1. Restricting attention to the stretch 53-76, does a residue exist that is of a type in the set (S, T, N, Q) and in contact (Cβ under 8 Å) with a residue 60 or more places away in the chain?
2. Quick one: in the stretch 90-110, of everything that is open to solvent by 90 Å² or more (accessible area, probe 1.4 Å) and among the basic types (Lys, Arg), which residue is nearest to Trp63 (Cα to Cα)?
3. When you check Thr39 against the structure, is it loosely packed, with under 15 Cβ neighbours inside 10 Å and either touching a Cys at 6+ places or on another chain (Cβ under 8 Å) or not basic (Lys, Arg) (or both), yes or no?
4. So in the stretch 13-36, with the set limited to residues that are out of contact with any Cys (no Cβ under 7 Å at 6 or more places or on another chain), at pLDDT 90 or above and open to solvent by less than 50 Å² (accessible area, probe 1.4 Å), which one is nearest to Lys66 (Cα to Cα)?
5. Write out, first by first residue and then by second, each pair whose Cβ atoms fall under 7 Å of each other, whose residues are 6+ apart or on separate chains, and whose first residue, in the stretch 1-16, is free of Cβ contacts under 8 Å to residues at least 60 places away in the same chain while the second is aliphatic (A, V, I, L, M).
6. Is it fair to say Phe83 is surrounded by 13 or more Cβ atoms within 10 Å (Cβ to Cβ) and closer than 22 Å to Thr19 by Cα?
7. Can you confirm whether the stretch 77-97 contains a residue that is of a type in the set (D, E, K, R), in contact (Cβ under 8 Å) with a residue 40 or more places away in the chain, closer than 21 Å to Thr25 by Cβ and assigned to a helix (DSSP H, G or I)?
8. Condition first: farther than 16 Å from Asp96 by Cβ, in a loop (DSSP other than H, G, I, E, B) and among the hydrophobic types (A, V, I, L, M, F, W, C). Now tell me which residues in the stretch 41-60 satisfy that.
Amino acid sequence: MNRPTRFYSNRQEKAVAKTVGGKQTSNSGATPFKKGDVTTADWLIECKTSTTEKASFSIKRDWLDKNREEAFAMNKDYNALCFDFGDNGERYYVIDEKTFKEVMTWTQHS
């Protein structure tokens, strides 16, 4: 059954919000003050999915740049890009090296 792209995006955003204990942004962040797809107290997460199962997924630099700028504008400490391969399976998160190093220090002190 062919469903609109928004169906798949909405499903992914709800799942990500539940996983990270965040909130799904209304209208996928297309408002003047709330951006991104999912927010927590510290994070802005942009979600990308495919409507069909794929073996590869291309990440656009513009997505990362825009998400970083929007996180800064919303006073969020961190930002990430979440993607999947359209299979409603495992999701992956892309973060920059600075954030990765910070996460590494969190795990080293555990």
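The values are calculated or read from the model by the stated rules, or taken from the named source; none is laboratory data. Note that the structure is predicted; figures quoted are calculated from it, not measured. Cβ atoms come from the backbone with ideal geometry, glycine included; neighbour counts cover every protein chain shown. For accessibility, only protein heavy atoms count, side chains too; no ligands or nucleic acids. Shrake-Rupley method; radii C 1.70, N 1.55, O 1.52, S 1.80 Å.
1. no
2. The extreme case among them is Lys98.
3. Values: loosely packed, with under 15 Cβ neighbours inside 10 Å: no; either touching a Cys at 6+ places or on another chain (Cβ under 8 Å) or not basic (Lys, Arg) (or both): yes.
No: the conditions fail for Thr39.
4. Step one: filter the stretch 13-36 for residues out of contact with any Cys (no Cβ under 7 Å at 6 or more places or on another chain), giving 14-15, 17-36.
Filter once more, so that each one left must be at pLDDT 90 or above: 14-15, 17-25, 36.
Then drop every residue that is not open to solvent by less than 50 Å² (accessible area, probe 1.4 Å), which leaves 15, 17, 22, 25, 36.
Numbers: Ala15: 22, Ala17: 20, Gly22: 20, Thr25: 16, Gly36: 9 Å.
Looking at the filtered set, the residue picked out is Gly36.
5. Pairs that qualify, where the first residue is free of Cβ contacts under 8 Å to residues at least 60 places away in the same chain and the partner is aliphatic (A, V, I, L, M), are Glu13/Val38.
6. Numbers: surrounded by 13 or more Cβ atoms within 10 Å (Cβ to Cβ): yes; closer than 22 Å to Thr19 by Cα: yes.
Criteria met by Phe83.
7. So in the stretch 77-97, the residues of a type in the set (D, E, K, R) come out as 77, 84, 87, 90-91, 96-97.
Among the residues that remain, those that are also in contact (Cβ under 8 Å) with a residue 40 or more places away in the chain are: 84, 91.
Add one more test, that the residue is closer than 21 Å to Thr25 by Cβ, and what stays is 84, 91.
Keeping just the survivors that are assigned to a helix (DSSP H, G or I) gives none.
The answer is no; no qualifying residue exists.
8. Filtering the stretch 41-60 down to residues farther than 16 Å from Asp96 by Cβ leaves 41, 47-58.
Imposing the further condition that a residue be in a loop (DSSP other than H, G, I, E, B) reduces the set to 41, 49-58.
Answer for the stretch 41-60, where residues must be farther than 16 Å from Asp96 by Cβ, in a loop (DSSP other than H, G, I, E, B) and among the hydrophobic types (A, V, I, L, M, F, W, C): Ala41, Ala55, Phe57.
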